[in-house]
Amino acid sequence: MKKDSDILTDSFGRKHQYLRISLTDRCNLRCTYCMPEEGIQLAPRSSIMSYGEIYSIARLFVKHGVTKIRLTGGEPLVRKDAGIILEKLALLPAELTITTNGILADKHIDTFRTCRIKKINVSLDSLCPEKFLQITRRHSFNKVYGNILSLIKEGFNVKINVVLVRGFNDNEIIDFVKLTKELPVCVRFIEFMPFDGNRWNLDKIVSFEQILKQVNARYPEVIRLADAANDTSENYQIKGHRGSFAVISSVTRPFCGGCNRIRLTANGHLKNCLFSSTETDLLTPFREGKDIEPIIRNTVLAKKKIRGGMEEIKQLKDPALHSKNRSMTSIGG
Ligand code: SF4
């Protein structure tokens, strides 16, 4: 039977060239919108992909057309072998990027360079240390902020991911935009999304419109920048600022039409969408020496048009649907 070469294109013609790999479900922070209060049932270590398995499976995806790999977590850098994983993946002909909470970033700057990592996303939801403690349940604001400044100084292309929650940090939107005056950084405001255990509800959302309204009210000259292909964010710049800001609006303005992302969880399960409540185990058949290409193919073909099938916002409001999905910490965003 002729091997199907195009196993990464779904039934809507979307080619999945961007693989997000969660290295671990463990984290050194406890962000309230990501990690349920009671924590999560961590996957047993034996079920977690080894660095060799991560490399081999990623290589297969690259062979079929993946051109970009993003490492996520939990917190990817808490893995003791994170450096080895980065070095092995850097051997592949694909752009390597990482999303981190920034706490351990200073310890990996040389490895980032060796592995030709240029783009680093750092999560920071408040510029106020007390509020940082409130949302992360850890006293790490100074470490994270200091590492962001170091990464920028070292010439990395840094994006700051800010999950906005109404009544918590929506009064910091302008403070974050002010950062872009002197810093060559992109601040990305992310609409709060529903995942298992994060007590999401629509009233906590700060929508795309509300964010732009605040910025336009403060800054007369907001320039609309061109978005990159398959971009999840809409990009803007204040006239005269070195940096830019962006909005990721997967709740109020989903961008699924151009989706090219597919996710591999730390225990080797393939998720065809961030919101999909279904996933496919690749690691077990891989460990049994089976051909996993047909499994990848079927998982991609099963991808829904929008948000894992939650096309209507009213569906997002149904906790029964969220709870079928994983918590954010075990998907990696
Ligand atoms: S919600 Fe799913 S389909 Fe839509 S952009 Fe995100 S991952 Fe892609």
Seminar exercise, completed: Residue set Asn235, Asn216, Asn230, Asn260; condition of a type outside the set (A, V, I, L, M, F, W, C) and touching a Gly at 6+ places or on another chain (Cβ under 8 Å); output residue Asn230
Seminar exercise, completed: Of (1) under 17 Å from the mean Cα position of the chain (by Cα); (2) open to solvent by 30 Å² or more (accessible area, probe 1.4 Å); (3) farther than 30 Å from Val165 by Cα, Val66 satisfies every one except (2)
Problem set entry | When residues of the stretch 281-326 are limited to those that are polar (S, T, N, Q), more than 22 Å from Glu53 (Cα to Cα) and surrounded by fewer than 20 Cβ atoms within 10 Å (Cβ to Cβ), the one nearest to the ligand (Cβ to nearest atom) | Gln315
Seminar exercise, completed: Subset of the stretch 218-244, residues open to solvent by less than 50 Å² (accessible area, probe 1.4 Å), assigned to a strand (DSSP E or B) and under 16 Å from Phe255 (Cβ atoms), comes to Glu234, Asn235, Tyr236
Seminar exercise, completed: Note on the stretch 173-202: residues aliphatic (A, V, I, L, M), surrounded by 14 or more Cβ atoms within 10 Å (Cβ to Cβ) and over 19 Å from the mean Cα position of the chain (by Cα) are Ile173, Val177, Leu179, Leu183, Leu202
For this session: Could you tell me whether any residue of the stretch 212-230 is over 30 Å from Glu288 (Cα atoms), within 17 Å of the chain's Cα centre (by Cα) and within 13 Å of the ligand (Cβ to nearest atom)?
Result: yes
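Across the stretch 145-164, what is the number of residues that are closer than 13 Å to Leu104 by Cα and open to solvent by 20 Å² or more (accessible area, probe 1.4 Å)?
3
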For this session: Assess whether Ile205 counts as being touching a residue at least 40 places away in the same chain (Cβ under 8 Å), crowded, with 17+ Cβ neighbours inside 10 Å and within 14 Å of the ligand (Cβ to nearest atom).
Result: no
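When the residues of the stretch 258-280 are filtered to those that are of a type in the set (A, V, I, L, M, F, W, C) and within 22 Å of His64 (Cα to Cα), which remaining residue is farthest from the ligand (Cβ to nearest atom)?
Residues of the stretch 258-280 of a type in the set (A, V, I, L, M, F, W, C): 259, 262, 264, 266, 270, 273-275.
Filter once more, keeping what is within 22 Å of His64 (Cα to Cα): 259, 262, 264, 266, 270, 273-274.
On the way: Cys259: 3, Ile262: 8, Leu264: 13, Ala266: 18, Leu270: 12, Cys273: 3, Leu274: 4 Å.
Step by step, filter the stretch 258-280, then rank; the result is Ala266.
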Exercise. Is there a residue in the stretch 197-213 that is assigned to a loop (DSSP other than H, G, I, E, B) and touching a Cys at 6+ places or on another chain (Cβ under 7 Å)?
Worked result: yes
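Tell me which residues, restricted to the stretch 245-257, are more than 8 Å from the ligand (Cβ to nearest atom) and open to solvent by 10 Å² or more (accessible area, probe 1.4 Å). It would help to see each step written out before you state the result.
Step one: filter the stretch 245-257 for residues more than 8 Å from the ligand (Cβ to nearest atom), giving 245-249, 251-253, 257.
Across the stretch 245-257, the qualifying residues are Ile248, Thr252, Arg253, Gly257.
The values are calculated or read from the model by the stated rules, or taken from the named source; none is laboratory data. Remember, predicted model here, so these are calculated numbers, not experimental data. As a convention, Cβ positions derive from the backbone with ideal geometry for all residues, glycine included, and neighbour counts pool all protein chains shown. Areas reflect the complete protein model, heavy atoms only, side chains present, ligands, DNA and RNA absent. Shrake-Rupley method; radii C 1.70, N 1.55, O 1.52, S 1.80 Å.
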